[in-house]
Amino acid sequence: MAKTRKPTKTKETLKLRRLGIDTYHENVAYLHRDCELYRAEGFQALSKVKICADGQHILAVLNVVDDDNIVTPADMGLSEEAFAKLGLKEGAMVSIEHAEPPASMSAVRRKISGERLKQQDFHNIIQDITNKRYSKTEIAAFLVSSGQTDLDREEVMYLTRAMLDSGEKLDWKESLVADKHCIGGIPGNRTSMLVVPIVAAHGMLMPKTSSRAITSPAGTSDTMEVLANVELDIKTLHDIVRKDRACLAWGGTAQLSPADDIMISVERPLGIDSNGQMVASILSKKLAAGSTHLLLDIPVGPTAKVRHMHEAQSLRKLFEYVGDQLGIHLEVIITDGRQPVGFGIGPVLEARDVMQVLQNNPEAPADLRQKSLRLAGRILEFDPDVRGGQGYAIARDILDSGRALDKMNTIIKAQGPQSIKYDPGQLTHEVLSPTDGVVIGIDNLQMAHIARFAGAPMDKGAGVDLFKKLGDSVKKGDPLYRIYAEFPSDFNFAVSLSERNSGYSIGEEDQTPKAFVES
């Protein structure tokens, strides 16, 4: 027989409970279905509510529960994100009321209808997102509407400026603050972790803040976290950069363009990454970090984000337009995106590749070394004392001499060495060549999917280790790559995916695609 509960007496306040639920960049509140306030005020699940106490408040999405073990009718439960934001002790008395719908949703609806938005529209939308007035559903509506119709170049500039204004801005009081960014889509492309110590060893200022992976098996922050702490507050970040001329940190804790991190939390599961949003995300973060000079890497290849040279040129023009409008010196370099860079795909394996290059290990991946030197050389040429064409040789000398390794070790020590020792996953499976021939294709997207199915980047040791690259000769039964995973379910998913499509194409040497590379 179902249990019947008498409604509790009406209370104007509820007791605060911390529920220990990670809702990832979203404030969530929990009320019991038998709570008198819930019934009396007409709250509905997934509606927005305002929670108040001691002169402060937060906005949250309401979830309704029936289990007394989660919350009782006298409690207000909060997720970890919401509890930290409210800043009160558990047991404090709080009140709850309906939240006004965000006024800027009218602009989102206009965008859904295909209208062009103005600067104030984007400012209002981004401020509401930053202040948690939007649910993830409403954020998704904005992202999809601006991605489907795409944004014209003025709208991209408006969005970038609005995102830049949503958080902290760093000012290094120097005329040359260097940065480098790749638009992504190429697994294993951990050039930033080599470029930063090379450039900093030269003496240039390079505070590198990165986001975590969105749809890839690892971002720079995910891989650097294998070696050091990356979650630095602004003061710590500032002190490290002032002393050591560089950092390799996650931008989220520094509150640089915080709306970007919130939107990324929605983009990640949806796999959204439109050009306009990508440009705004990258440039708002770089400008907020105080960068004055930026080198942008656009890889082009059959399975890269950008697959044709005309697309790369169009994207370059969009970046240059917005960069010029917002006052950052920006140069774009188009690179070979036909295959993954390095051998490892996944945080631990990528960190191994980076350290091998820094240590001048003969087993280090040559393509990762060469690409990093090329990028570092272009950044060094931002220095007015370095002549055009000399940057590569200077970068190579810094790497070969061990100065880059010394600088990386200094950065690791300053940020705090990682206390956990991460190793490659214990479960392994080798994917073998089905025939004799030459590797004529490696699908970047499929290799990224396999590594993610294996558990990367959440499981640091998960991923894929490549044994063969484009142009390599293989015999039937030769191992092409090895899958690493920590957990049997992830392992089985990744192996099953590799069996359906290995990501490798074997053929004749003359079938290998040519690289689209522009210096």
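The values are calculated or read from the model by the stated rules, or taken from the named source; none is laboratory data. What you see is a predicted model, and the numbers here were worked out from it, not measured in a lab. No Cβ is skipped: glycine too gets one built from the backbone with ideal geometry, and neighbour counts run over all protein chains shown.
Which members of segment 180-204 meet the condition of being within 16 Å of the chain's Cα centre (by Cα) and either under 26 Å from residue 235 (Cβ atoms) or basic (Lys, Arg) (or both)?
If we filter segment 180-204 for residues that are within 16 Å of the chain's Cα centre (by Cα), which is where we start, we get 180-193.
Across segment 180-204, the qualifying residues are 180, 181, 190, 192, 193.
Against the condition among the small types (Gly, Ala, Ser), farther than 30 Å from residue 455 by Cα and either out of contact with any Ser or Thr (no Cβ under 6 Å at 6 or more places or on another chain) or in a helix (DSSP H, G or I) (or both), how does residue 281 come out, does it pass?
no
Pairs please, first residue from segment 392-416 and surrounded by fewer than 17 Cβ atoms within 10 Å (Cβ to Cβ), second anywhere and outside any helix (DSSP H, G or I) and not small (Gly, Ala, Ser), Cβ atoms under 6 Å, 6+ apart in sequence or on different chains.
Final answer for the pair search is 416/229.
Quick one: in segment 229-247, of everything that is buried (at least 20 other Cβ atoms within 10 Å of the Cβ) and over 16 Å from residue 172 (Cα atoms), which residue is modelled with the highest pLDDT?
The qualifying residue modelled with the highest pLDDT is 230.
Looking only at segment 279-314, count every residue that is closer than 26 Å to residue 116 by Cα, surrounded by fewer than 21 Cβ atoms within 10 Å (Cβ to Cβ) and either touching a residue at least 24 places away in the same chain (Cβ under 8 Å) or among the small types (Gly, Ala, Ser) (or both) and tell me the total.
1
In this structure, is residue 441 part of a loop (DSSP other than H, G, I, E, B), farther than 14 Å from residue 218 by Cβ and either under 22 Å from the mean Cα position of the chain (by Cα) or modelled with pLDDT of 95 or more (or both)?
Details: part of a loop (DSSP other than H, G, I, E, B): no; farther than 14 Å from residue 218 by Cβ: yes; either under 22 Å from the mean Cα position of the chain (by Cα) or modelled with pLDDT of 95 or more (or both): yes.
No, not satisfied.
Exactly one of (1) at pLDDT below 95; (2) crowded, with 20+ Cβ neighbours inside 10 Å; (3) over 23 Å from residue 237 (Cβ atoms) is unmet by residue 334. Its number?
If we test residue 334 against (1) at pLDDT below 95; (2) crowded, with 20+ Cβ neighbours inside 10 Å; (3) over 23 Å from residue 237 (Cβ atoms), just (1) comes out false.
Does residue 112 qualify as being more than 30 Å from the chain's Cα centre (by Cα) and among the aliphatic types (A, V, I, L, M)?
On the way: more than 30 Å from the chain's Cα centre (by Cα): no; among the aliphatic types (A, V, I, L, M): yes.
Against the criterion (more than 30 Å from the chain's Cα centre (by Cα) and among the aliphatic types (A, V, I, L, M)), residue 112 does not qualify.
Could you count how many residues in segment 473-519 are free of Cβ contacts under 8 Å to residues at least 24 places away in the same chain and among the charged types (D, E, K, R)?
4
Scan segment 506-517 and tell me whether some residue there is among the β-branched types (Val, Ile, Thr), in a loop (DSSP other than H, G, I, E, B) and either within 21 Å of residue 219 (Cβ to Cβ) or touching an Asp or Glu at 6+ places or on another chain (Cβ under 9 Å) (or both).
Within segment 506-517, one or more residues are among the β-branched types (Val, Ile, Thr), in a loop (DSSP other than H, G, I, E, B) and either within 21 Å of residue 219 (Cβ to Cβ) or touching an Asp or Glu at 6+ places or on another chain (Cβ under 9 Å) (or both).
Hey, among the residues in segment 110-126 that are in contact (Cβ under 8 Å) with a residue 40 or more places away in the chain and in a helix (DSSP H, G or I), which one's surrounded by the most Cβ atoms within 10 Å (Cβ to Cβ)?
The first filter runs over segment 110-126 and keeps only residues in contact (Cβ under 8 Å) with a residue 40 or more places away in the chain, leaving 117-119, 122-123, 126.
Narrowing the set further to residues that are in a helix (DSSP H, G or I) leaves 119, 122-123, 126.
Values: 119: 14, 122: 27, 123: 19, 126: 30.
Restricting to residues being in contact (Cβ under 8 Å) with a residue 40 or more places away in the chain and in a helix (DSSP H, G or I), the top hit is 126.
A quick yes/no check of all residues on (1) out of contact with any helix residue (DSSP H, G or I) (no Cβ under 6 Å at 6 or more places or on another chain); (2) over 21 Å from residue 459 (Cα atoms); (3) not assigned by TED's automatic domain parsing to the domain that holds residue 188:
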site	(1), (2), (3)
336	yes, yes, no
345	no, no, no
357	no, yes, no
442	yes, yes, yes
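With respect to residue 304, is the statement that it is in contact with a helix residue (DSSP H, G or I) (Cβ under 9 Å, 6 or more places away or on another chain) and hydrophobic (A, V, I, L, M, F, W, C) true?
In short, yes.
Within segment 41-56, which residues are without any contact (Cβ under 8 Å) to a residue 60 or more places away in the chain and either at positive phi or more than 32 Å from the chain's Cα centre (by Cα) (or both)?
Filtering segment 41-56 for residues without any contact (Cβ under 8 Å) to a residue 60 or more places away in the chain gives 41-45, 47, 49-56.
Selection gives 41, 42, 43, 44, 52, 53, 54, 55.
Please enumerate the residues belonging to segment 127-158 that are touching a His at 6+ places or on another chain (Cβ under 9 Å) and free of Cβ contacts under 8 Å to residues at least 60 places away in the same chain.
158
Condition check: more than 22 Å from residue 516 (Cβ to Cβ), at pLDDT 95 or above and more than 22 Å from the chain's Cα centre (by Cα). Does residue 382 satisfy that?
Working: more than 22 Å from residue 516 (Cβ to Cβ): yes; at pLDDT 95 or above: yes; more than 22 Å from the chain's Cα centre (by Cα): yes.
When the stated conditions are applied, residue 382 passes them.
Whether any residue in segment 400-422 is within 27 Å of residue 214 (Cα to Cα), over 21 Å from the mean Cα position of the chain (by Cα), assigned to a strand (DSSP E or B) and at pLDDT 95 or above is what I want to check.
Taking every residue of segment 400-422 in turn, at least one turns out to be within 27 Å of residue 214 (Cα to Cα), over 21 Å from the mean Cα position of the chain (by Cα), assigned to a strand (DSSP E or B) and at pLDDT 95 or above.
Check whether at least one residue in segment 364-372 is of a type in the set (A, V, I, L, M) and buried (at least 21 other Cβ atoms within 10 Å of the Cβ), and report yes or no.
Checked segment 364-372: at least one residue is of a type in the set (A, V, I, L, M) and buried (at least 21 other Cβ atoms within 10 Å of the Cβ).
Under 23 Å from residue 402 (Cβ atoms), buried (at least 24 other Cβ atoms within 10 Å of the Cβ) and of a type in the set (Gly, Ala, Ser): is that true of residue 162 in this structure? Walk me through it before giving the result.
Working: under 23 Å from residue 402 (Cβ atoms): no; buried (at least 24 other Cβ atoms within 10 Å of the Cβ): yes; of a type in the set (Gly, Ala, Ser): yes.
It is false that residue 162 is under 23 Å from residue 402 (Cβ atoms), buried (at least 24 other Cβ atoms within 10 Å of the Cβ) and of a type in the set (Gly, Ala, Ser).
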